1. With semi-axes √(5λ) of the Cα gyration tensor in Å in mind, check [x] 77, 43, 21; [y] 41, 35, 22; [z] 45, 28, 22 and report the label derived from this structure.
2. Please compute the per residue accessible area over segment 455-609 with all protein chains in place, 1.4 Å probe, rounded to a whole number of Å².
3. With point charges of +1 on the Cβ of Lys and Arg and -1 on the Cβ of Asp and Glu, referenced to the Cα centre of the chain, which listed residue (THR267, ALA358, MET253) lies farthest in the positive direction of the dipole?
4. Per DSSP helix of 4 or more residues, -39500 (n - 2.57); summed, then divided by the residues of the chain. What does that give at 222 nm, rounded to the nearest 500?
5. Just the C-alpha atoms of segment 442-593: what Rg/Rh do they give, with Rh taken as the Kirkwood radius?
6. What residue among ALA478, GLY501, ALA420 has its Cα farthest toward the positive end of the dipole of segment 412-504, where the charges are +1 on Lys, Arg and -1 on Asp, Glu, each on the Cβ?
7. What is segment 457-542 by shape, rounded, prolate or oblate, if you read a ≥ b ≥ c off the alpha carbon gyration tensor as root eigenvalues and call it rounded for a/c under 1.5, prolate for a/b larger than b/c, and oblate otherwise?
8. Leaving ligands, DNA and RNA out of it, work out the accessible area of ASP82 with a 1.4 Å probe and give it in Å² to the nearest 10.
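The values are calculated or read from the model by the stated rules, or taken from the named source; none is laboratory data. Fair warning: this is a prediction, and the values are worked out from it, not measured in the lab. FYI the Cβ positions are ideal-geometry reconstructions off the backbone, even for glycines, and counts take in every protein chain you see. Only protein heavy atoms, including side chains, enter the accessible area calculation; ligands, DNA and RNA are left aside. Shrake-Rupley method; radii C 1.70, N 1.55, O 1.52, S 1.80 Å.
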Amino acid sequence: MCGIVGYIGKRDVQPILLNGLSKLEYRGYDSAGIAVLVQDRLKVSKAEGRLANLSDQLDKQPLKGSIGIGHTRWATHGRPSDVNSHPHTDMSGKFTVVHNGIVENYMELKQEMEDKGVIFTSETDTEVIAHLLAEHYEGDIYTAMLAVIQRLQGAYSLGVMTEYEPDKLVAVRQSSPLVIGAGQGEYFMASDISALIEHTREVYILEDGDMAILTHEGISITKIETGLPAECKLLHIDWSADQVEKGQFEHFMLKEIHEQPLTLRNTMLGRINDQDEVSFPELAHAAGAFQQVDKIFIVACGTAYHAGLVGSTVIEKLTRIPVQCDIASEFRYRDPIITDRTLVIVVSQSGETADTLAALQESRRQGAKVLAITNVPTSSVARDADYVIATKAGPEIAVASTKAYTAQLLAFYLFSIYLAQERQTLSTELHAELVKGLKSLPVQVEKVLENANEVKLYAESIKDAESLFFIGRGLDYAVALEGSLKLKEISYIHSEAYAAGELKHGTLALIEKDTPVIALATQMDLYEKTVSNIKEVKARGAHVMGITVEGNVGLLNAVDEICFIPPSHQLLAPILAVVPLQLISYYASLALDNDIDKPRNLAKSVTVE
């Protein structure tokens, strides 16, 4: 992985490919390259490092043509280097390929081809595809691709060109996202809509097992297994180009932190009626489907998993259904007990997270119904699930997730109330209090953002810390986990999150003089116990930043610094409490002069297991 672009038309392809790759930088990468048909001859240029390195190279030796493919690579097989960068070619240089995913049987294929005299130049799994194309080509790239695909095991999306057919681009999808854009007499391919949006909003979302042939005359999409036309519908994308630009903000992450009030409004829009009942128009076909549910699994990765931890607590409290939150990469392998009365909720911003997709498919195989919470309603997760709740966060470009996380939290709150309504487990009083609180969240987040300078100074003070600790109890612990992840992702400061009550069971040994500790104390039923834990770290010399609810001035006596969030029902506090933690991570990384939107070694959408 990580990003694919392709173009066929009448315009100069090089700037289109470079611009498309720049829109995919947010996904994370370590090298980039393009291949262009220059007077019907394949020419490749690629470079390790940032896209700027490739751009500088092309300034000196431009590739002039009107058909080409490009790639940003995030290393899986072979270290980051010029030679391991995509596109890859066969020995003759007449076939070239870009690839997201993993060819699981590449070592077997490589050995087979080396035994035939094929010479490999890279350490990658992708190169085998180029050599296989050369081996199977007999005058028709479509037929050759069919033969190659039969040999591949794993997950992949592919973009392919050959000198022998200079008027064609080939795109193949198998378990890794790929979209085709239709313009006026020109056509595009990309692994993400954001790479196409300034050229066209008319797209086909390829399904697993689809192959698309792009020519100057149009697009044909077929099912690999049958050879019959695929049932792909042309979709209109409502995103604007402005949504994938930074605007007045220095970084996408800061822009997206500040977009959270709007995101919350969009996520709520049309889901709370005039009687303050929660309804999901997209779940109309699920009427009564959740009545017999006797267990819920929430399955996700990373930030989405932290949202799931909050969701599991809220669902249990409001519905009294047992809920278990699992890390997606572990879920399948522990043989979970799933029945036809189990509901599995999968959470993924992109809807293409490989581990989450695998958990979804295993859950359905065992008879469970699956609800997807995702930001991309056209994604694989959304298409494979029985029910879908779209978070409506809009494009999230920064690798470190912020607005998608708060939108996921809000989706969980809304679904929890919806489920409690259906099962009649929620009192009138609590229902009214929670809905009122939800409606207040956008304005309250705006208020937190207005006080960003208060946490900016604290963030700058921790930039040289060797380690930092987050502590909290109950829902505060779930928020602490997310705060710690954000800090690690973009500042590279080592941090850990602990359930505050666990400190006495060993982790206090890590606290020494001036160790920074961020203590969350928003759960009032656990407040006194949390204060006790704060005093434990203070007694060992820790420097404590407290985060609590306005009016709770008593905490001032227990901490060195404090950040207040607006009052709300304590179940809703995670949305408000996480915003200062996002800002702390951002400003600490800024003080360290890190690449905030593209942190090292990370990818936005992890499409390999």
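1. Checking each listed value against the structure points to [z].
2. That works out to 38 Å² per residue.
3. Sorting the options by dipole projection puts first THR267.
4. Numbers: 17 runs with 210 residues, N = 609.
Helices in the chain give a 222 nm mean residue ellipticity of -11000 deg cm²/dmol.
5. 0.93
6. ALA420
7. It comes out oblate by the Cα gyration axes.
8. In the full protein context, ASP82 sits at about 80 Å².
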